[in-house]
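The values are calculated or read from the model by the stated rules, or taken from the named source; none is laboratory data. This structure is a prediction, so every number in the text was calculated from the model and none was measured. Cβ coordinates were reconstructed from backbone atoms using ideal geometry, including for glycine residues, and neighbour counts include every protein chain displayed. These area figures cover heavy atoms from the full protein model, side chains too; ligands, DNA and RNA do not enter into them. Shrake-Rupley method; radii C 1.70, N 1.55, O 1.52, S 1.80 Å.
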Amino acid sequence: MSGLEPIRPPRWLKYANKVFAVLLRLGVPVSRHEKPVVLTAPGRKTGKPRSTPVTPMHLDGKRYVVNGFPGAEWVRNVRAADQVTITEGKRSETVRMVELSAEDARPVLRQFPVLV
C-alpha cells in the first residue's frame with residue numbers, strides 16, 4: 001500500500017453503492033456527464049465477485065478510474081486481480097487494469113475534476 005491511512009467511508013455508502021449498481025445494470029440513466037459503470041473484481045480471499053460503481057474518465061483515448069478513499073477494498077481487489085469486468089447497462093467487457101505511478105498519474109488527476 002502507499003502508506004496512506006485508510007479513510008473509513010460513511011456506513012451508508014456500501015448500501016448506496018449496491019442500489020446504484022443495480023440501477024446501472026438496469027440501464028437507468030444516473031448522470032448527464034461521464035457514464036458510471038459497474039466494476040467487478042474477484043475478492044482477494046474468497047474469489048467471490050465484488051462489484052462497485054465507478055465513473056471512468058476518458059482522456060486521450062484511454063479510460064482511467066480514480067480511487068475515492070485511500071485503502072478502499074475494491075482497489076485492493078483490483079490490484080490482486082488479473083482481470084476485472086466493466087458493465088455498462090447490458091454490455092460487459094473484461095479488461096486488465098494497470099496502476100499508474102505517482103508521476104504518471106499527476107496529469108490524469110489534474111483533469112479529473114474537469115472531466116468527471
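ASN67 meets the conditions (1) more than 13 Å from the chain's Cα centre (by Cα); (2) without any contact (Cβ under 8 Å) to a residue 12 or more places away in the chain in every case but one. The failed one is (1).
I want to confirm something. Restricting to the stretch 41-57 and keeping residues that are under 18 Å from GLU99 (Cβ atoms) and in a strand (DSSP E or B), which single residue is most open to solvent (accessible area, probe 1.4 Å)?
Within the stretch 41-57, the first condition is being under 18 Å from GLU99 (Cβ atoms), and the residues that meet it are 41-42, 44, 50, 52, 54-57.
In the following step, the residues that additionally are in a strand (DSSP E or B) were identified as 41-42, 50, 52, 54, 57.
Details: ALA41: 3, PRO42: 53, ARG50: 107, THR52: 15, VAL54: 14, MET57: 0 Å².
Here the residue is ARG50.
Being within 20 Å of ILE7 (Cα to Cα) and surrounded by 12 or more Cβ atoms within 10 Å (Cβ to Cβ), is that true of even one residue in the stretch 18-31? So far as the stretch 18-31 goes, yes, one or more of its residues are within 20 Å of ILE7 (Cα to Cα) and surrounded by 12 or more Cβ atoms within 10 Å (Cβ to Cβ).
Within the stretch 70-83, residues that are among the charged types (D, E, K, R) reach no partner that is open to solvent by less than 20 Å² (accessible area, probe 1.4 Å) with beta carbons closer than 6 Å at six or more positions or on different chains. Is there a residue in the stretch 61-72 that is assigned to a strand (DSSP E or B) and either among the aliphatic types (A, V, I, L, M) or open to solvent by 60 Å² or more (accessible area, probe 1.4 Å) (or both)? Yes: the stretch 61-72 contains one or more residues that are assigned to a strand (DSSP E or B) and either among the aliphatic types (A, V, I, L, M) or open to solvent by 60 Å² or more (accessible area, probe 1.4 Å) (or both).
Take the residues of the stretch 73-93 that are of a type in the set (A, V, I, L, M, F, W, C) and open to solvent by less than 30 Å² (accessible area, probe 1.4 Å): which is farthest from the chain's Cα centre (by Cα)? Walk me through it before giving the result.
Pass one, the stretch 73-93, residues of a type in the set (A, V, I, L, M, F, W, C): 74-75, 78, 80-81, 84, 86.
Next cut, open to solvent by less than 30 Å² (accessible area, probe 1.4 Å) only: 75, 78, 81, 84, 86.
Numbers: VAL75: 7, VAL78: 9, ALA81: 13, VAL84: 10, ILE86: 9 Å.
Residue satisfying both the conditions and the ranking: ALA81.
For the stretch 97-109, the criterion of being outside any helix (DSSP H, G or I), within 24 Å of VAL22 (Cα to Cα), hydroxyl-bearing (Ser, Thr, Tyr) and open to solvent by 40 Å² or more (accessible area, probe 1.4 Å) is met by none of the residues. Residues in the stretch 84-116 that are without any contact (Cβ under 8 Å) to a residue 40 or more places away in the chain and among the hydroxyl-bearing types (Ser, Thr, Tyr): SER92, THR94, SER101.
Going residue by residue through the stretch 89-97, is there one that turns out to be aliphatic (A, V, I, L, M) and modelled with pLDDT under 90? Don't jump to the end; show me each part of the working.
Step one: of the stretch 89-97, the residues aliphatic (A, V, I, L, M) are 95, 97.
The next check asks that each one be modelled with pLDDT under 90; those that pass are none.
Looking through the stretch 89-97, none of the residues is aliphatic (A, V, I, L, M) and modelled with pLDDT under 90.
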